[in-house]
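Visitor: Input: one structure, supplied below.
The values are calculated or read from the model by the stated rules, or taken from the named source; none is laboratory data. As the structure is a computational prediction, the values presented were derived from the model and not from experiment. When we count neighbours, we look across all protein chains shown, and the Cβ atoms used for this are built from the backbone with ideal geometry, even at glycine. Keep in mind that these areas ignore ligands, DNA and RNA; they rest on the heavy atoms of the full protein, side chains included. Shrake-Rupley method; radii C 1.70, N 1.55, O 1.52, S 1.80 Å.
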Amino acid sequence: MMVVNNEYSDAELDELLEGRVRGRGMSRDLLRAMTQGWSQPRFDEAQWAGMPPRVARRARIAAAVGDTGLIVPNGTLRRRSNDLHYPFRPGTDHMWLAGPTDAGSALVWLDGAWTLYVDQRPPLGDPMALLDGTRGAIWDGSPVPPEVLSRRLGLEVRPVEELAEAVAGREAHAVRGLDPSIDAITVDDGGEAERLLARMRLIKDPYEIEQLRDAVDAAVQGFEAIARHRAEVIKHGEAFVEGLFTQHARTRGRGLAYTPVVGGGANATVLHWFTNDGPIGSDDLLLLDAGVEGPELYSSDITRTLPVSGQYTVAQRDVYDVVHAAQAAALAAVRPGAPYAAAGVAAAEVLVAGLSDLGVLPHPALAHLDPLQAARRWSLHAIGHMLGADVHDSAVVADEYSEGTYAPGHCLTIEPGLYFSPHDQWAPEHLRGIGVRIEDDVLVTEDGIEVLSQALPSRAADVETWMGDLA
Ligand SMILES: [Mn+2]
């Protein structure tokens, strides 16, 4: 066991203490005592399963960028108030290429080699372990030693203080907007580096697919918990649902993949209802759009619209069945080689027919519109998006992938909905206040699709049976 016994001169310690908030009232001798007598903690030295796939990804990126430098920062801590910060959320591209590292780290491709620059936190035995109240080991825990990080990630590790000099005078692109110190030393390429990475991330490797499966399974358990606690849902309303799902997300993963939408009753008609503080009546629908972010950021994104009574009313069921039929049509349109746009078209056709069955269309005030356009008044949003280490994965190339075709390894959501606002004078009165969305997570395979979230029922009758079984 290595025991730290650092020796600092009086002058060095006095200089460090000077003006330090954390050092206030502390004598030089106490600070010296705080630098001595520590053993260094042990770190997991085992080979990390996430390293080999990242080595392969780095090789593909390196081949694509060639002689141009590339910096992929992990991002910085964001201040919440005073000396408190939001929980750190690693940069997606950094996690994808390097793995878990501390805030302030940056992965760099330069001169044919990858190097990880790390903002090393002051370890035990360093006076700054105590004096740096934001990052010191006394406050924040011990940092992973560079040699351990290097073996774990398969990368050469250098202190971040050397980064600016390493790229000085060189043409280096970067994922921008995450770390101001990186933005300051790189050229603004108009988002080209980020788009390159986003394109490569569209096709998931087997390691990523396993991570996505775990994130989906974790979310499914969260939905089951909500269904099991219907009495409390009705008693406490939306906040209870958010709290219970959050508990599952935090227990099974890093936490929530995004602020969930917990829409009770008419709140289900507000697409981004993030307030989640309303009541839920015993005959209301509960629209829950929620997902779990796993340890390497892979996320699930699932929506179910549940009757908290256990049974849909006639009007709720009529709307629900239209949305379900639209989702089934969209899912049937997803297969390798099919146009990405096909799913949205298939769903829209079913929604138009369904709105006609519901007596919503045709509407005299919308007679001048193509029915597909008129239906958008109630279907509102696109059919889905790519899913991965970001919930809206590879969003910076959404225009590109939505013009393309599905390929094996794509992971995406299919999420049609219908929303009848209580304030919508052109919706039939008995439908006002009903909002329904059904969202599943789908993997494109060699010969079709796998619905990753299929463990959650989506047909109305199956939802009712499932809720009855869990009650
Ligand atoms: Mn979604």
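Visitor: Tell me which GluC sites (Glu not before Pro) from the stretch 130-217 have a DSSP coil assignment and no more than 15 other beta carbons within 10 Å of their own.
Guide: Details: sites: GLU147, GLU156, GLU161, GLU162, GLU165, GLU171, GLU192, GLU194, GLU208, GLU210; in loops: GLU171.
Hits after loop and neighbour filter: GLU171.
Visitor: Hey, another quick one. Relative contact order for the stretch 65-114: what percent, with Cα pairs under 8 Å and sequence separation of 6 or more?
Guide: Numbers: 71 pairs, mean separation 24.2, N = 50.
Once divided by the residue count of the stretch 65-114, the mean separation gives 48 percent.
Visitor: Of GLY66, LEU130, ALA98, whose Cα points farthest to the positive end of the dipole of the stretch 53-174 (charges on the beta-carbon: +1 Lys, Arg; -1 Asp, Glu; origin at the Cα centre)?
Guide: Comparing the listed Cα positions along the dipole, ALA98 ranks first.
Visitor: Could you tell me the center-to-center distance, by alpha carbons, between the stretch 131-162 and the stretch 292-358 in angstrom?
Guide: Between the Cα centres of the stretch 131-162 and the stretch 292-358 lies a distance of 46 Å.
Visitor: Give me the base-10 log of I(q)/I(0) for the stretch 82-240 at each q in 0.13, 0.17 Å⁻¹, Debye formula, one uniform scatterer per Cα, rounded to two decimals.
Guide: -0.83, -1.12
Visitor: Going by amide H atoms built from the backbone, whose H comes under 5 Å of the H on LEU256, apart from near neighbours?
Guide: The list, which skips near neighbours in sequence, is GLU293.
Visitor: Using Cα-only point scatterers and the Debye equation, what is log10 of I(q)/I(0) for the chain at each q in 0.06, 0.11 Å⁻¹, rounded to two decimals?
Guide: Result of the Debye calculation: -0.35, -0.97.
Visitor: Per residue of the stretch 339-354, in order, report the coupling 6.51 cos²θ - 1.76 cosθ + 1.60 (Karplus, θ = phi - 60°) as ³J(HN,Hα) in whole Hz, putting x for Gly and Pro.
Guide: Calculated HN-Hα couplings, in order: x, 4, 5, 4, 5, x, 5, 4, 5, 4, 5, 5, 5, 4, 4, x Hz.
Visitor: Sort VAL308, VAL144 from largest to smallest accessible area, using a 1.4 Å probe on the heavy atoms of the protein chains. Each step should come with its number before you reach the end.
Guide: On the way: VAL308 5, VAL144 55 Å².
My answer, sorted largest first, is VAL144, VAL308.
Visitor: Any idea which of GLY253, GLN311, LEU285 is furthest toward the positive side of the dipole for the stretch 227-349, if Lys and Arg beta-carbons carry +1 and Asp and Glu beta-carbons -1?
Guide: The residue sitting most towards the positive pole is GLY253.
Visitor: Loop-only trypsin sites (Lys or Arg not before Pro) in the stretch 159-201, please: DSSP not H, G, I, E or B, and at most 16 other Cβ atoms within 10 Å. Don't skip to the end; give the middle numbers.
Guide: Details: sites: ARG170, ARG176, ARG195, ARG199, ARG201; in loops: ARG170, ARG176.
Counting only loop positions with at most 16 other Cβ atoms within 10 Å, the trypsin sites (Lys or Arg not before Pro) in the stretch 159-201 are ARG170.
Visitor: Another question, then. Pop out the ³J(HN,Hα) list for the stretch 34-46 in order, Karplus 6.51 cos²θ - 1.76 cosθ + 1.60 with θ = phi - 60°, rounded to Hz; leave Gly and Pro as x.
Guide: For the stretch 34-46, the Karplus-derived couplings read 6, 9, 10, x, 10, 9, 7, x, 8, 10, 5, 9, 5 Hz, x marking Gly and Pro.
Visitor: Taking H as built 1.01 Å from N, whose amide H comes closer than 5 Å to the amide H of TYR340, not counting residues under 5 places away?
Guide: Amide H to amide H, under 5 Å and 5 or more residues apart or across chains, TYR340 pairs with GLY404, THR405, TYR406.
Visitor: Figure the gain on full extension for ALA461 and ALA56 (residue separation times 0.36 nm, minus the Cα-Cα span) and round it to one decimal in nm.
Guide: Residue separation times 0.36 nm, minus the Cα-Cα distance, leaves 141.2 nm.
Visitor: At a 1.4 Å probe radius, which order do MET95, MET51 fall into by accessible area, largest first? Before the final figure, lay out the partial values.
Guide: On the way: MET95 5, MET51 35 Å².
Of MET95, MET51, the descending order of accessible area is MET51, MET95.
Visitor: Next question, about the same structure. Counting only the heavy atoms of the protein chains, how much of ARG335 is accessible to a 1.4 Å probe, in Å² to the nearest 10?
Guide: About 120 Å², rounded to the nearest 10.
Visitor: Largest first and to the nearest Å, give the Cα extent of the stretch 1-122 along each principal axis.
Guide: 56, 39, 27
Visitor: Find the percent of Cα-Cα distances in the stretch 340-435 that exceed 24 Å, and round it to a whole number. Before the final figure, lay out the partial values.
Guide: Numbers: 1486 of 4560 pairs.
Counting pairs separated by more than 24 Å, the tail of P(r) holds 33 percent.
Visitor: Tell me the Kirkwood radius of the stretch 402-466: reciprocal of the mean inverse pair distance over distinct alpha-carbon atoms, in Å. Write down the numbers at each step before the final one.
Guide: Working: mean 1/r = 0.0694 Å⁻¹.
Taking the inverse mean of 1/r over all distinct Cα pairs, the stretch 402-466 comes out at 14.4 Å.
Visitor: What share of the DSSP beta bridges in the stretch 54-172 is antiparallel, in percent to the nearest 5? Present the calculation step by step, with values, prior to reporting the outcome.
Guide: Details: 11 of 16 bridges.
Around 70 percent of the beta bridges assigned by DSSP in the stretch 54-172 are antiparallel ones.
Visitor: Order the following by accessible area, largest value first: LEU412, LEU178. Probe radius 1.4 Å; ligands, DNA and RNA are ignored.
Guide: Details: LEU412 0, LEU178 65 Å².
The most accessible residue leads, giving LEU178, LEU412.
Visitor: Suppose every K and R has +1 on its Cβ and every D and E has -1 on its Cβ; what is the size of the dipole of the stretch 56-153 about the Cα centre, in Debye to the nearest 20?
Guide: Working: 11 positive and 10 negative charges, 83 e Å.
Dipole about the Cα centre, nearest 20: 400 debye.
Visitor: Same structure, new question: Please state the relative contact order of the chain as a whole percent: Cα pairs under 8 Å, 6+ residues apart?
Guide: On the way: 930 pairs, mean separation 59.3, N = 471.
RCO, the chain: 13 percent.
Visitor: Still on this structure: Can you tell me how the stretch 287-341 classifies by the Cα gyration tensor, rounded, prolate or oblate, using a/c under 1.5 as the rounded cut?
Guide: Values: a/c = 4.40, a/b = 1.23, b/c = 3.59.
It comes out oblate by the Cα gyration axes.
Visitor: Along the charge dipole of the chain, pointing to its positive end and built from +1/-1 on Cβ of Lys, Arg, Asp and Glu, which listed residue (ILE438, HIS410, TRP466) has its Cα farthest out?
Guide: Checked the options; the winner is TRP466.
Visitor: At a Förster distance of 45 Å, what's the computed FRET efficiency of PHE274 paired with ALA168, Cβ-Cβ distance as r, to 0.05?
Guide: Numbers: r = 44 Å, r/R0 = 0.97.
For R0 = 45 Å, the calculated efficiency reads 0.55.
Visitor: Could you state how much accessible area TRP378 has, in square angstrom rounded to the nearest 10, with a 1.4 Å probe and all protein chains kept in place?
Guide: It works out to around 0 Å².
Visitor: By how many nm would the segment from SER282 to VAL396 lengthen if fully extended, with 0.36 nm per residue of separation less the alpha-carbon distance?
Guide: On the way: separation 114, 0.36 × 114 = 41.04 nm, distance 4.16 nm.
Length gained, SER282 through VAL396: 36.9 nm.
Visitor: Any chance you could give the angle, 0 to 90 degrees and rounded to 10, that helix 314-332 forms with the longest Cα principal axis of the chain?
Guide: Long axis of 314-332 versus the principal axis of the chain: about 60 degrees.
Visitor: Further question: Could you rank the peptides 275-281, 416-422 by their average count of other C-beta atoms within 10 Å per residue, with the highest value first?
Guide: 416-422, 275-281
Visitor: Below 8 Å, C-alpha to C-alpha, sequence gap of six or more: please give me the relative contact order for the stretch 241-322 in percent.
Guide: Across the stretch 241-322, relative contact order equals 27 percent.
Visitor: Another question, if that's okay. Which value, in debye to the nearest 20, gives the size of the charge dipole of the stretch 250-331 about its Cα centre, when Lys and Arg are +1 and Asp and Glu are -1 at the Cβ?
Guide: My answer is approximately 220 debye.
Visitor: Continuing with the same structure: Along the Cα→Cβ direction, 7 angstrom out, place labels at GLN311 and ALA239. What is the inter-label distance in nm?
Guide: So the label points at GLN311 and ALA239 sit 3.2 nm apart.
Visitor: Next question. Return the ratio Rg/(2.2 N^0.38 Å) for the stretch 393-433, where Rg is computed over Cα atoms only. Before the final figure, lay out each step's value.
Guide: Details: Rg = 17.1 Å, N = 41, 2.2 N^0.38 = 9.0 Å.
Ratio of Cα Rg to 2.2 N^0.38 Å: 1.90.
Visitor: On to the next question. In debye, nearest 20: dipole of the chain around its Cα centre with unit charges on the Cβ of K, R (+) and D, E (-)? All intermediate terms of the calculation are to be shown ahead of the outcome.
Guide: On the way: 40 positive and 68 negative charges, 127 e Å.
That gives the chain a dipole magnitude of about 620 debye.
Visitor: Within the stretch 337-352, which residues have the backbone N less than 14 Å from the label spot 7 Å out from THR405 along Cα→beta-carbon, could you tell me?
Guide: Under 14 Å, as judged by backbone N against the label point of THR405, lie 337-342 of the stretch 337-352.
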